[in-house]
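Here's the structure, in structure tokens; my notes come after.
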Amino acid sequence: MNGDALWTIGELARRTGLTVKTVRFYSDQGIVSPADRNPAGHRRYGPEAVARLHLVRTLRELGLGLPAIRRVVERELTPADVAAAQAEAIDLQIRVLRLRRAVLGAVARLGSTPEELTLVHRLARLTEDERGRLIGEFLAEVFGGIGDGGFGGGGFGGGGRFAAAARSLTPELPEEPSVEQVEAWVELAQLAGDAGFRALLRGLAEAEAAEAADTGLPRPGLAVAVRELAGPAVAAGVEPGSAEAAAIEVLVERYGRWCAGAVPEEAGAVRDRLAERLGAMADPRRERYLELLAVVNGWAAPESRAAEVDWAVRAVA
């Protein structure tokens, strides 16, 4: 090839690997211009056209549109400028695709109805402030206004035990979440908006506060006692209704001391109250929330206590 070589559109197409139609289009758009015309008026192109078309092909494969390509070949933009802008655009596309993937995954897994699909999509698209408001309303409904006298004073937001519990239940979706984190957030947000789940947690928090109101002393929660007493029984394979299930009597006696004054004194009242509390603790939504919270926040998966709570529920019945 030499500097005086000129080619027709067909020859130029063969040299660049493009179709004749594509080369003609770029020529009509002024992206590549003919160097000359033959006596019949047909366009002929020089070596510069080959270089330009190779550049255009590369830019198109990188996803650039015609206006951006024109500015690059006319040297209004440098390749570095284009690369930076395109990388930013691709990052945005990745975030959008990740969000779409998460929504579709959540819908497929949860078996959503058309109405729920709309809800899932809305939850996934919430801004950071909107997510904060949703969770803030959830935690306020669960813990707001509950006296914390037995746990160091102060209600929700006042620095007491319930305020600490609220903070520990707060999801914080990272700026660049994974698909799994977005899916977990969507399911968690649906749980947080579930009136029945809110009522369940509110009842557990109120019971915890009432049972400690008369002692004025800090103590482990019921969940800690269940883990301590039922855990070894579960590990040893002790049947809940057997004579060896003495741990449940220890739990009933300890629970009776904790809630003295909050439960009627008639026979079986403490046991009935404990059975009610354990039944609420056994609700699978409670453990599911903690599992989802760990995924969203990037924490290690929490250890399941379902077997221990279930054992205690059956043993106290």
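Tell me, in nm to one decimal, what length is gained between Glu74 and Arg125 on full extension, where the rule is 0.36 nm per residue of separation less the Cα-Cα distance?
14.4 nm
Past the 29 angstrom mark, what percentage of all C-alpha to C-alpha distances in the chain do you count?
59
For region 226-317, state which GluC sites (Glu not before Pro) are in a DSSP loop and have at most 13 other beta carbons lying within 10 Å of their beta carbon.
Glu244, Glu265, Glu266, Glu303
How would you rank 237-243, 131-137, highest first, on the average number of other Cβ atoms within 10 Å across their residues?
Ranking the peptides 237-243, 131-137 by packing returns 131-137, 237-243.
Looking at region 48-124, I'd like the Rg to Rh ratio, where Rg is from alpha-carbon atoms and Rh is Kirkwood's inverse mean 1/r.
1.27
Applying a 10 Å radius around every beta-carbon, put 294-300, 10-16, 37-43 in order of their mean neighbour count, most first.
For the peptides 294-300, 10-16, 37-43, the packing ranking is 10-16, 294-300, 37-43.
Mind putting a number on the dipole of the chain about its Cα centre? Charges go on the C-beta only, +1 for Lys and Arg and -1 for Asp and Glu, and I need it in Debye to the nearest 20.
My answer is approximately 2020 debye.
Using a 1.4 Å probe over the heavy atoms of the protein chains, calculate the carbon and sulfur portion of the accessible area of the chain as a whole percent.
The computed percentage sits at 54.
Over the chain, with the other protein chains present, what is the accessible area per residue in square angstrom, probe 1.4 angstrom?
55
The values are calculated or read from the model by the stated rules, or taken from the named source; none is laboratory data. Bear in mind that the values here come from a model prediction, so they are computed numbers and not experimental data. Note: ideal-geometry Cβ built from the backbone for every residue, glycine included; neighbour counts use all protein chains shown. To get the accessible areas, we keep the full protein, side chains included, count just its heavy atoms, and leave off ligands, DNA and RNA. Shrake-Rupley method; radii C 1.70, N 1.55, O 1.52, S 1.80 Å.
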